[in-house]
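Trainee: Structure in structure tokens, see below.
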Amino acid sequence: MVGIVVYADITLNDAVKIAKTYFDIPSNFTNFSFNYNTYDHTGEWNLSWSSPQINDLSNGSLSITINASNGEIESMYCWNQSENQPKYAFPRISREQARETALSFLKKIIPGKINRLIRVNNSDQIVPLNLPQSYSFEWERSVNGILFPANYVEVSVDAQSGMVNRYQIKWSDQEFPYPSDIITPEQAKQAFFLNDLLKLEYYPVQNTHQSTAILVYSLFSSGAIDAVTGKPLQIEKGQWIDFGYFSNMINDQGKIAEKPHIVETEFMNRKMAVEDLKKIISIPPNLELTSANLSYNSYDSRLVWNLYWGQIKSQSGTITSIFAGIDAKNGSLDHLYVNYQGGDVKKPLGEDEAQKLAESFLKKAQPKYFEQIKLNPDSGYKPEGAYNFVYDRIVNGIPFPANTIQITVNDAGIVTSYGSNWSNTSFESTSQIIPLDRAKKIFLNYRPLVLYYVKINDQNNSTSTIKLVYLPEIKNPTVSNFLNAKTGEPVGWNGMPINNIGAYHFKDLNSTEHATYISYLGQAGLFGEYGDLFMPSKKIKVIDFLKNLLAIRDGIQYINSLSGSQIMDMAMYDDLVSRNVPNEYVTKDILSEIIIRFLGLKLAGRVYGYKNFAERLGILSGHSDITRLDAAVSIIKAIELEGE
């Protein structure tokens with residue numbers, strides 16, 4: 001085997017032996033490769049086996065990461081598929097069987113850690129019917145009886161083969177504080193109420209027709225209360241809290257939706273754009289304009305001149321290139337990047353000096369916007385040899401963090417980067433806002449304070465510390481740091497109320513024919529119109545039937561976000577229906593045509609008749625009316641036929 005010189009206790013040969021001890025390498029995975037990486041003060045071996053040709057009847061790969069200090073397996077991922085694999089299939093093992101497989105695997109691979117893990121309840125995980133499909137199981141570490149979400153284990157089990165196909169562990173060997181005099185949950189709650197941990201902001205709503213923003217209460221600085229001091233957790237600039245792999249928190253504002261492309265018919269020429277830029281910055285004599293192009297900024301429907309100055313070969317200077325953008329309509333600065341190669345500065349600027357220079361620059365670059373912005377002291381960072389400042393847009397005295405201006409000033413006092421996003425947005429009024437104290441009560445009812453260990457990392461992950469804090473509860477599948485300031489509802493990334501879509505566990509199947517397969521439909525998020533009741537004898541409407549069928553291919557999360565008319569449009573585009581079908585109850589004729597087209601047998605359906613052909617394939621029952629059970633059985637049989 002090829003040798004490699006690294007500072008590691010575990011050699012490459014050792015790593016390969018460890019991998020083969022726990023995993024069988026498929027015989028067709030004959031290509032082997034490896035590399036050695038270091039991170040977070042440790043090293044790791046990345047081993048990979050794969051099939052030699054992508055055009056083989058079967059292909060795939062197996063990747064294993066092994067800690068080079070202690071030989072522990074840190075991750076594994078395997079995929080293996082055959083050429084004749086169908087698109088869709090029902091699981092061959094149940095979730096409970098997969099969970100037992102995952103537990104057996106953990107007992108073998110981390111026997112000394114399994115008793116320190118708490119299982120994360122994700123029984124509502126969507127398991128789609130398209131292949132490949134897996135069950136995922138998650139655990140978080142418990143230390144001194146307290147959850148530490150930054151350390152976790154995840155295992156995935158293939159729903160067809162029953163084999164473990166993915167494994168990942170994150171484990172810290174650090175000291176965990178366990179003071180005896182921590183504050184009580186009630187004291188933590190009082191600290192949350194006494195401090196400004198919810199702030200009023202504008203939040204963008206995703207809407208394809210117009211850009212709008214609603215008012216929200218936003219959780220500030222994670223909302224964590226130090227369990228020792230009883231005060232809000234203080235973290236330094238550049239530090240961040242590792243909330244764990246399974247936190248699924250909505251903690252950033254979404255982007256403003258792009259607008260339709262509207263081409264400006266009147267705009268300045270290149271020469272005028274260059275002149276406007278020179279009013280803002282000086283172009284050193286060692287640079288020459290080498291590129292200029294006009295582009296469309298879809299974010300706020302503007303035309304921008306992109307100008308690039310490169311260094312003249314015969315000359316030198318501390319600035320070697322400039323890339324800038326000028327609004328082709330009004331001559332304001334869109335973006336700026338300056339490549340400075342001046343080396344270390346003997347007397348670097350202080351932060352206050354750098355901020356004054358930044359704001360002096362902004363007055364020239366964006367005089368129109370300068371009075372509408374405010375420095376966000378929590379968003380900037382400190383790159384080496386420079387200061388970065390972030391200014392939020394202010395509307396009605398309220399921040400709108402989705403619109404910002406960012407600027408970087410280096411130690412030599414030169415602005416080296418500038419960028420802005422500023423949208424034409426309609427802002428809702430400030431009337432009828434929930435009082436702040438009431439908003440705090442609503443938030444803590446939604447996410448009560450829970451005692452956690454959290455990991456605080458610095459900017460480049462070189463050092464970290466463990467803190468004991470009370471933190472708003474991290475729930476599955478998704479929690480939000482935002483409340484609608486008028487309704488009190490948690491807000492999702494799109495500015496709309498959170499719609500957590502999960503698996504359905506039908507309670508009324510009893511001895512219903514095909515009960516196991518129908519439960520798998522619910523596990524995929526289908527037929528959830530009545531929640532965890534399947535309602536087998538009820539009729540089903542056309543849109544609901546099409547939605548369930550389309551979700552098999554595109555996923556229920558996406559399909560559920562569409563309106564009825566959008567679902568019909570998609571069905572016509574995908575040739576599931578030949579026309580815009582009224583949203584009435586499904587008939588035998590309608591069901592037959594949709595299912596036959598879903599199977600790609602439209603021509604045969606036309607020759608034999610959709611209804612007759614569906615009966616010959618065993619898809620239609622003898623009932624006169626189509627029920628939800630009939631609709632589900634037609635999908636079950638279609639998937640079985642597709643897999644033959």
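Trainee: Applying the selection to the stretch 326-347, what residues are surrounded by 16 or more Cβ atoms within 10 Å (Cβ to Cβ) and outside any strand (DSSP E or B)?
Mentor: Listed by number, the residues that qualify are 328, 331, 332.
Trainee: Only one of (1) outside any loop (DSSP other than H, G, I, E, B); (2) in contact with an Asp or Glu (Cβ under 9 Å, 6 or more places away or on another chain) is not met by residue 358, so which one is it?
Mentor: Unmet condition: (2).
Trainee: Listed residues 123, 75; which is out of contact with any Gly (no Cβ under 8 Å at 6 or more places or on another chain), touching a residue at least 60 places away in the same chain (Cβ under 8 Å) and part of a loop (DSSP other than H, G, I, E, B)?
Mentor: Working: 75 fails: part of a loop (DSSP other than H, G, I, E, B).
Criteria check complete, one pass: 123.
Trainee: Got a number for residues in the stretch 111-152 being of a type in the set (A, V, I, L, M, F, W, C) and in contact with a Leu (Cβ under 6 Å, 6 or more places away or on another chain)? Write out each step before concluding.
Mentor: Let us first name the residues in the stretch 111-152 that are of a type in the set (A, V, I, L, M, F, W, C), namely 114, 117-118, 120, 126-127, 129, 131, 137, 139, 143, 146-148, 150.
Retained after the next criterion (residues that are in contact with a Leu (Cβ under 6 Å, 6 or more places away or on another chain)): 114, 139, 146.
Result for the stretch 111-152: 3.
Quick grid of which residues meet (1) within 30 Å of residue 137 (Cβ to Cβ); (2) surrounded by 15 or more Cβ atoms within 10 Å (Cβ to Cβ); (3) of a type in the set (A, V, I, L, M); (4) out of contact with any Cys (no Cβ under 6 Å at 6 or more places or on another chain):
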{"residue": "161", "(1), (2), (3), (4)": "yes, no, no, yes"}
{"residue": "182", "(1), (2), (3), (4)": "no, yes, yes, yes"}
{"residue": "189", "(1), (2), (3), (4)": "no, yes, no, yes"}
{"residue": "195", "(1), (2), (3), (4)": "no, yes, no, yes"}
{"residue": "201", "(1), (2), (3), (4)": "no, yes, no, yes"}
{"residue": "205", "(1), (2), (3), (4)": "no, yes, yes, yes"}
{"residue": "230", "(1), (2), (3), (4)": "no, yes, no, yes"}
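Trainee: Can you tell which of 104, 58, 69 is open to solvent by 20 Å² or more (accessible area, probe 1.4 Å), at pLDDT 95 or above and either more than 24 Å from the chain's Cα centre (by Cα) or of a type outside the set (Phe, Trp, Tyr) (or both)? Walk me through it before giving the result.
Mentor: Working: 58 fails: at pLDDT 95 or above; 69 fails: at pLDDT 95 or above.
So the residue among 104, 58, 69 that is open to solvent by 20 Å² or more (accessible area, probe 1.4 Å), at pLDDT 95 or above and either more than 24 Å from the chain's Cα centre (by Cα) or of a type outside the set (Phe, Trp, Tyr) (or both) is 104.
Trainee: Then there is this: Checking the conditions here, which among 456, 433, 414, 442 is in contact with a Leu (Cβ under 9 Å, 6 or more places away or on another chain), open to solvent by less than 30 Å² (accessible area, probe 1.4 Å) and among the aliphatic types (A, V, I, L, M)? Full working, then the answer.
Mentor: Numbers: 433 fails: open to solvent by less than 30 Å² (accessible area, probe 1.4 Å); 414 fails: open to solvent by less than 30 Å² (accessible area, probe 1.4 Å); 442 fails: open to solvent by less than 30 Å² (accessible area, probe 1.4 Å).
After ruling out the rest, the residue left standing is 456.
Trainee: Restricting attention to the stretch 466-506, which residues are among the polar types (S, T, N, Q) and assigned to a loop (DSSP other than H, G, I, E, B)? Even if it seems obvious, please write down each step before you answer.
Mentor: Within the stretch 466-506, the first condition is being among the polar types (S, T, N, Q), and the residues that meet it are 476, 478, 480-481, 484, 487, 494, 499-500.
Hits for the stretch 466-506 are 476, 478, 481, 487, 494, 499, 500.
Trainee: Report yes if some residue within the stretch 335-353 is under 30 Å from residue 215 (Cβ atoms), free of Cβ contacts under 8 Å to residues at least 60 places away in the same chain and among the basic types (Lys, Arg); otherwise report no. I'd like the intermediate steps shown before the answer.
Mentor: Pass one, the stretch 335-353, residues under 30 Å from residue 215 (Cβ atoms): 335.
Then drop every residue that is not free of Cβ contacts under 8 Å to residues at least 60 places away in the same chain, which leaves none.
Within the stretch 335-353, not a single residue is under 30 Å from residue 215 (Cβ atoms), free of Cβ contacts under 8 Å to residues at least 60 places away in the same chain and among the basic types (Lys, Arg).
Trainee: Separate question: Quick check, is residue 86 within 30 Å of residue 43 (Cα to Cα), open to solvent by 30 Å² or more (accessible area, probe 1.4 Å) and in a loop (DSSP other than H, G, I, E, B)?
Mentor: On the way: within 30 Å of residue 43 (Cα to Cα): no; open to solvent by 30 Å² or more (accessible area, probe 1.4 Å): yes; in a loop (DSSP other than H, G, I, E, B): yes.
Considered against the rule, which asks whether it is within 30 Å of residue 43 (Cα to Cα), open to solvent by 30 Å² or more (accessible area, probe 1.4 Å) and in a loop (DSSP other than H, G, I, E, B), residue 86 comes out as no.
Trainee: Among the residues of the stretch 467-479, which ones are modelled with pLDDT of 90 or more and either in contact with a helix residue (DSSP H, G or I) (Cβ under 7 Å, 6 or more places away or on another chain) or under 25 Å from residue 121 (Cβ atoms) (or both)?
Mentor: Going through the stretch 467-479, the residues modelled with pLDDT of 90 or more turn out to be 467-473.
The answer is 468, 469, 470, 471, 472, 473.
Trainee: Considering only the stretch 578-591, state which residues are β-branched (Val, Ile, Thr) and either within 16 Å of residue 613 (Cβ to Cβ) or at pLDDT 90 or above (or both). Talk me through it step by step, then tell me what you get.
Mentor: If we filter the stretch 578-591 for residues that are β-branched (Val, Ile, Thr), which is where we start, we get 581, 586-587, 590.
The answer is 586, 587, 590.
Every residue, every condition in (1) touching a Gly at 6+ places or on another chain (Cβ under 6 Å); (2) of a type in the set (D, E, K, R); (3) over 30 Å from residue 520 (Cα atoms); (4) free of Cβ contacts under 8 Å to residues at least 24 places away in the same chain, yes or no:
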| residue | (1), (2), (3), (4) |
| --- | --- |
| 135 | no, no, no, no |
| 141 | no, yes, yes, no |
| 144 | no, no, yes, no |
| 148 | no, no, yes, no |
| 158 | no, yes, no, no |
| 167 | no, no, no, no |
| 172 | no, no, yes, no |
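Trainee: Would you list the helices (runs of 4 or more DSSP H) that sit entirely within the stretch 537-631 and hold 1 or more residues that are more than 21 Å from residue 512 (Cα to Cα), touching a Leu at 6+ places or on another chain (Cβ under 8 Å) and open to solvent by less than 60 Å² (accessible area, probe 1.4 Å)?
Mentor: Details: elements: 542-554, 556-559, 564-573, 588-598, 602-608, 610-616.
Output list reads 542-554, 556-559, 564-573, 588-598, 610-616.
Trainee: Determine which single condition residue 480 fails, assuming it passes every other condition in (1) surrounded by fewer than 21 Cβ atoms within 10 Å (Cβ to Cβ); (2) among the polar types (S, T, N, Q); (3) touching a residue at least 40 places away in the same chain (Cβ under 8 Å).
Mentor: Result: residue 480 fails condition (1) only.
Trainee: Read through the list (1) of a type outside the set (Phe, Trp, Tyr); (2) open to solvent by 40 Å² or more (accessible area, probe 1.4 Å); (3) at pLDDT below 95, then give the number of the only condition that residue 120 fails.
Mentor: Among (1) of a type outside the set (Phe, Trp, Tyr); (2) open to solvent by 40 Å² or more (accessible area, probe 1.4 Å); (3) at pLDDT below 95, the lone unmet condition for residue 120 is (2).
Trainee: Something else about it: Return the total of residues in the stretch 417-430 being within 29 Å of the chain's Cα centre (by Cα) and either open to solvent by 40 Å² or more (accessible area, probe 1.4 Å) or of a type in the set (D, E, K, R) (or both).
Mentor: Just the residues of the stretch 417-430 that are within 29 Å of the chain's Cα centre (by Cα), to begin with: 417-428.
Adding the requirement that they be either open to solvent by 40 Å² or more (accessible area, probe 1.4 Å) or of a type in the set (D, E, K, R) (or both) leaves 421, 424, 426-428.
Qualifying residue count, the stretch 417-430: 5.
Trainee: Working only within the stretch 383-411, note down all residues that are outside any strand (DSSP E or B), without any contact (Cβ under 8 Å) to a residue 60 or more places away in the chain and open to solvent by less than 40 Å² (accessible area, probe 1.4 Å).
Mentor: 383, 385
Trainee: So residue 522 passes all but one of these: (1) open to solvent by less than 10 Å² (accessible area, probe 1.4 Å); (2) in a loop (DSSP other than H, G, I, E, B). Which condition number does it fail?
Mentor: Result: residue 522 fails condition (2) only.
Trainee: Something else about it: Can you name the number of the only condition in (1) closer than 22 Å to residue 486 by Cβ; (2) surrounded by fewer than 20 Cβ atoms within 10 Å (Cβ to Cβ); (3) at pLDDT 90 or above; (4) of a type outside the set (Gly, Ala, Ser) that residue 220 fails?
Mentor: (3)
Trainee: Could you tell me whether residue 469 is open to solvent by 30 Å² or more (accessible area, probe 1.4 Å), closer than 20 Å to residue 151 by Cβ and in contact (Cβ under 8 Å) with a residue 60 or more places away in the chain?
Mentor: Values: open to solvent by 30 Å² or more (accessible area, probe 1.4 Å): no; closer than 20 Å to residue 151 by Cβ: yes; in contact (Cβ under 8 Å) with a residue 60 or more places away in the chain: yes.
Criteria not met by residue 469.
The values are calculated or read from the model by the stated rules, or taken from the named source; none is laboratory data. This one's a predicted model, so the numbers in the text were calculated from it and none came from an experiment. Please note: Cβ atoms are built from the backbone with ideal geometry, for glycine as well, and neighbour counts cover all protein chains shown. These accessible areas exclude ligands, DNA and RNA; they are computed on the full protein's heavy atoms, side chains included. Shrake-Rupley method; radii C 1.70, N 1.55, O 1.52, S 1.80 Å.
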